[in-house]
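The values are calculated or read from the model by the stated rules, or taken from the named source; none is laboratory data. The shown structure was predicted, so the numbers you read here are calculated from the model rather than taken from an experiment. Here Cβ is always computed from backbone atoms with ideal geometry, including for glycine, and neighbour counts include all displayed protein chains. Just the protein is used for accessible areas: all its heavy atoms, side chains included, with ligands, DNA and RNA removed. Shrake-Rupley method; radii C 1.70, N 1.55, O 1.52, S 1.80 Å.
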Amino acid sequence: MIPYYDMNKIHKPLKEEFMSEVKELLDTNNFVFGTDKFEEDFAEYTGAKYCVGVNSGTSALAVALYSAGVRSGDKVTTVSHTFTATLSAIRYLGAYNEYVDIDEKTYCMDPEKLNVGFDNKVILPVHMYGNACDMESIINKRSVSMVIEDCSQAHGTRINGKHVGTFGKAGTFSFYPGKGIGAFGDAGCVITNDEGLAEEMKEQRSWKPDDIGFNMRMSNINARFLSLKLKYYPQVLRAKRDIAEYYNKHLEYCHTKEGVEHSYHIYPILHKDRENLIRRCSPDIQLKKHYDKPVHHNPLYRMGKTDCTICGDIESTVEVDLPITEKISKSQVSVPIYPGLNKEEVVDILQKHWSNGNGISSSVL
């Protein structure tokens, strides 16, 4: 069977160099407070002025939002078609979320449906699957809101040459092992061009004095591993884009707007008989779903703040109308994409099982 993802294709060539880094850390007992080199490397790679390393992508979201001033009762506008961490970070701070639907082709936040007012603290777009949100339109509609970008799936994604995460106040990244640039465990970072915000995040990640404080430091072993992975990432990205170019000729629904350099963390297709497609392909290829249950399907994430002049602010369950999110979540299929993959075989298998023999097509649009 062709696995959904094979890290060995990426890690084997790096093993000797990485073990040398591990030996140095063991010899010096230097395990924390040594992430500067990676932060400089990643800032240079993305074109940001500053990078702050933390221990996970979730922590990156939380420390960015908190350091930017998000507190209990603040409203953050984001999408439901994302991993739970996007919403969890908002709730950790006592803030609440308002949902906006996604674009039917890019699967990212739809600026046409974005309606923000003076009560909106932050707009939090998610660059889903490695595709890019329409940042120009989002920035133009931000009103007084800050924009903080969730770039957890978008390592190497650029819009007209500019890396995502550098359009708003800050951009957050996850380095979970399965991400484009995966760490030796959990890790994350925040990039920004705001010196004051960068300094605040550096203090907050490690028990800022005279504050409640966080323990969100990135370990030195991850910083070393990530610098090494980053050095070879352009080769990984080229290989994935080569596979995607072939997929684009034979598969449908992975749309990229002009000027966007997709990083293909996930290559998504749509099929209205998804479960049967996955089952039929299972002897030959492993397919996955991202994300079959939108976050708002969890009752705990359907809560919103209701203003009441008599009783004060209360939380209540709110109705959520996200028709595109619902449609995409029911039909999205993730296709393997990584260096060394036999792309021709993947397409052959998918085309072989595309129809179940009863005339059911893949069309969902």
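Residue count for segment 37-49, restricted to those that are part of a helix (DSSP H, G or I) and open to solvent by less than 100 Å² (accessible area, probe 1.4 Å): 7. Under the condition of being within 16 Å of the chain's Cα centre (by Cα) and surrounded by fewer than 23 Cβ atoms within 10 Å (Cβ to Cβ), the residues counted in segment 146-155 number 1. Would you please name the residue that is modelled with the lowest pLDDT, looking only at residues in segment 110-132 that are within 30 Å of ILE269 (Cα to Cα) and among the hydrophobic types (A, V, I, L, M, F, W, C)? Here the answer is LEU114. Taking (1) open to solvent by less than 10 Å² (accessible area, probe 1.4 Å); (2) part of a loop (DSSP other than H, G, I, E, B); (3) within 26 Å of GLU326 (Cα to Cα) in turn, PHE83 satisfies each apart from (1). Only a single item in (1) over 21 Å from VAL22 (Cα atoms); (2) more than 21 Å from the chain's Cα centre (by Cα) is not met by ARG224, and it is number (1). Restricting segment 156-176 to residues that are open to solvent by 40 Å² or more (accessible area, probe 1.4 Å) and not hydroxyl-bearing (Ser, Thr, Tyr) leaves a set whose member that is farthest from MET201 (Cα to Cα) is ASN160. Quickly run through segment 249-267 and pick out the residues that are part of a loop (DSSP other than H, G, I, E, B), modelled with pLDDT of 95 or more and of a type in the set (Asp, Glu). Selection gives GLU258 alone.
Looking only at residues in segment 234-258 that are of a type in the set (Ser, Thr, Tyr) and more than 18 Å from the chain's Cα centre (by Cα), which one is surrounded by the fewest Cβ atoms within 10 Å (Cβ to Cβ)?
Our first condition is that a residue be of a type in the set (Ser, Thr, Tyr); within segment 234-258, this holds for 246-247, 253, 256.
When the remaining residues are screened for being more than 18 Å from the chain's Cα centre (by Cα), the result is 246-247, 253.
Numbers: TYR246: 14, TYR247: 20, TYR253: 20.
Top of the filtered list is TYR246.
Checked across segment 66-75, the condition of being within 17 Å of the chain's Cα centre (by Cα) and among the small types (Gly, Ala, Ser) holds for no residue.
Confirm whether GLY34 is outside any helix (DSSP H, G or I), out of contact with any strand residue (DSSP E or B) (no Cβ under 6 Å at 6 or more places or on another chain), open to solvent by less than 50 Å² (accessible area, probe 1.4 Å) and within 15 Å of ASN222 (Cα to Cα).
On the way: outside any helix (DSSP H, G or I): yes; out of contact with any strand residue (DSSP E or B) (no Cβ under 6 Å at 6 or more places or on another chain): yes; open to solvent by less than 50 Å² (accessible area, probe 1.4 Å): yes; within 15 Å of ASN222 (Cα to Cα): yes.
Yes: the conditions hold for GLY34.
Considering each residue of segment 64-72 in turn, none proves to be closer than 19 Å to GLU200 by Cα, out of contact with any Pro (no Cβ under 8 Å at 6 or more places or on another chain), part of a helix (DSSP H, G or I) and free of Cβ contacts under 8 Å to residues at least 40 places away in the same chain. SER143 - would you say it is surrounded by fewer than 18 Cβ atoms within 10 Å (Cβ to Cβ), polar (S, T, N, Q) and either at positive phi or in contact with a Phe, Trp or Tyr (Cβ under 8 Å, 6 or more places away or on another chain) (or both)? Answer is yes for this residue.
Among the criteria (1) open to solvent by less than 20 Å² (accessible area, probe 1.4 Å); (2) of a type in the set (A, V, I, L, M); (3) closer than 15 Å to LYS169 by Cβ, the one VAL100 does not fulfil is (3). Among the residues of segment 185-204, those identified as closer than 22 Å to GLN153 by Cα, crowded, with 19+ Cβ neighbours inside 10 Å and over 16 Å from the mean Cα position of the chain (by Cα) are THR192, ALA198, MET201.
Within segment 107-118, being out of contact with any Phe, Trp or Tyr (no Cβ under 9 Å at 6 or more places or on another chain), of a type outside the set (Asp, Glu) and either under 17 Å from PRO294 (Cα atoms) or part of a loop (DSSP other than H, G, I, E, B) (or both) holds for MET109, LEU114, ASN115, VAL116, GLY117, PHE118.
Here's the yes/no breakdown for (1) under 13 Å from THR172 (Cα atoms); (2) aliphatic (A, V, I, L, M):
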| site | (1), (2) |
| --- | --- |
| PRO3 | no, no |
| GLU24 | no, no |
| THR58 | yes, no |
| ALA62 | yes, yes |
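Would a scan of segment 174-191 turn up a residue that is over 28 Å from PRO339 (Cβ atoms) and in contact (Cβ under 8 Å) with a residue 40 or more places away in the chain?
Here is the first cut: in segment 174-191, the residues over 28 Å from PRO339 (Cβ atoms) are none.
No.
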